[in-house]
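Everything on this sheet refers to the single structure shown next.
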Amino acid sequence: MIILIISLSLFIVLMIIIVIVTSSKNGTPINNTKEHRNERHRSFIEYRNEMRGNMGEYRVNAALNPLIFGKVNHRQINNLIILDERNKSHQIDHIEIRKNGIFCIETKNYKGLILGDENQKEWTQCLFRGERHQLINPVKQNKSHIYHLHKILGNKYKINSVIVFVRNNADGLGIPYVINLNQLKRYLDNFNDGTHLSDEEMDTIQRTLLNHAARITKEEHIRNINATKQELENGICPRCGGKLVERNGKYGKFFGCSNYPKCKFIKKL
Ligand SMILES: [Zn+2]
């Protein structure tokens, strides 16, 4: 309990320092044109979302910390940024390596009621007074992370996807691996698909992944994401750089990569 209080107060002090440092860095001269006001407003929302994201990652860190939640034999990597073969960056919140499996954990700090299924492109966030927002489907987001982790590990190991809702509002979704933060410990402890990793294997996996950590800043990563979005809009496959072509499938029209079957990237219309 005392450790928890100390770490929480330390965290709050740290957040205040971060707020002061970043707000002084963003002290752009005042310009009252409409675009500038929009820009400032947007960057505030982005900034706020980032803070919420950091808070969520911190809470999952704490939940995974054996100091607070009991001893467990594991290897943990937080906030790993990797570059794929096309120099695109991917940021992974947590990788938890245990005897019973490897878990790629995506943290979400969403407010309100969240609706969606595994295959939808976007999920819906319902807030008070009927306010709704579209969110990137984190299941798909994490699938892409796992795809790249598999490549780094030479497709040798199974990597399990876990999405953690920090505000414990995942119940409405009914997806077994989209869980509440208060279920995380039990989920990882009870996970059993027959995997049994030795200490040496856990070390090797951790070392291999850390060796692939990209030395880029969060700003560079965000710039990279925006470039990918732009590519998609221009009809370029974000996975291999191929051209996206319209195709007809069982469930209607979609954009597929022209390098299929080598690249299976799909974008729904
Ligand atoms: Zn492709």
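The values are calculated or read from the model by the stated rules, or taken from the named source; none is laboratory data. Here the structure is a predicted model, which means the values were calculated and not measured. Positions of Cβ are generated from backbone atoms using ideal geometry, with glycine treated the same way; all protein chains shown enter the neighbour counts.
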Consider Lys151 carefully, then state whether it is among the basic types (Lys, Arg), assigned by TED's automatic domain parsing to the domain that holds Met51 and at pLDDT 95 or above. no
Scanning for something under 25 Å from Asn65 (Cα atoms), among the β-branched types (Val, Ile, Thr), away from the ligand (no atom under 16 Å from the Cβ) and not in a helix (DSSP H, G or I), does the stretch 190-207 turn up at least one residue? yes
Unmet requirement for Ile92, which otherwise passes all of (1) surrounded by fewer than 17 Cβ atoms within 10 Å (Cβ to Cβ); (2) on the phi < 0 side of the Ramachandran plot; (3) within 15 Å of the chain's Cα centre (by Cα): (1)
For the stretch 202-228, give me each residue that is surrounded by 12 or more Cβ atoms within 10 Å (Cβ to Cβ), farther than 19 Å from Asn142 by Cβ and among the β-branched types (Val, Ile, Thr). Thr204, Thr208, Ile216
For the stretch 96-121, enumerate the residues that are within 16 Å of Phe165 (Cβ to Cβ), out of contact with any Lys or Arg (no Cβ under 7 Å at 6 or more places or on another chain) and not in a strand (DSSP E or B). Gly112, Gly116, Asp117, Glu118
Identify all residues within the stretch 255-269 that are at pLDDT below 90, of a type outside the set (D, E, K, R) and touching a Lys or Arg at 6+ places or on another chain (Cβ under 6 Å); write none if there are none. Cys263, Phe265, Leu269
Restricting to the stretch 188-201, give me the number of residues that are touching a strand residue (DSSP E or B) at 6+ places or on another chain (Cβ under 8 Å) and surrounded by fewer than 17 Cβ atoms within 10 Å (Cβ to Cβ). 3
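Regarding the stretch 120-133, can at least one residue be identified that is under 22 Å from Ala62 (Cα atoms) and in contact (Cβ under 8 Å) with a residue 24 or more places away in the chain?
The answer is no, given that none of the residues of the stretch 120-133 is under 22 Å from Ala62 (Cα atoms) and in contact (Cβ under 8 Å) with a residue 24 or more places away in the chain.
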Being more than 16 Å from the ligand (Cβ to nearest atom), surrounded by fewer than 16 Cβ atoms within 10 Å (Cβ to Cβ) and not in a helix (DSSP H, G or I), is that true of even one residue in the stretch 230-248? yes
From Leu135, Leu80, which residue is buried (at least 18 other Cβ atoms within 10 Å of the Cβ) and under 26 Å from His150 (Cα atoms)? Leu80
Quick check on the stretch 242-264. Is at least one of its residues within 22 Å of the chain's Cα centre (by Cα), farther than 30 Å from Asn54 by Cα and among the charged types (D, E, K, R)? yes
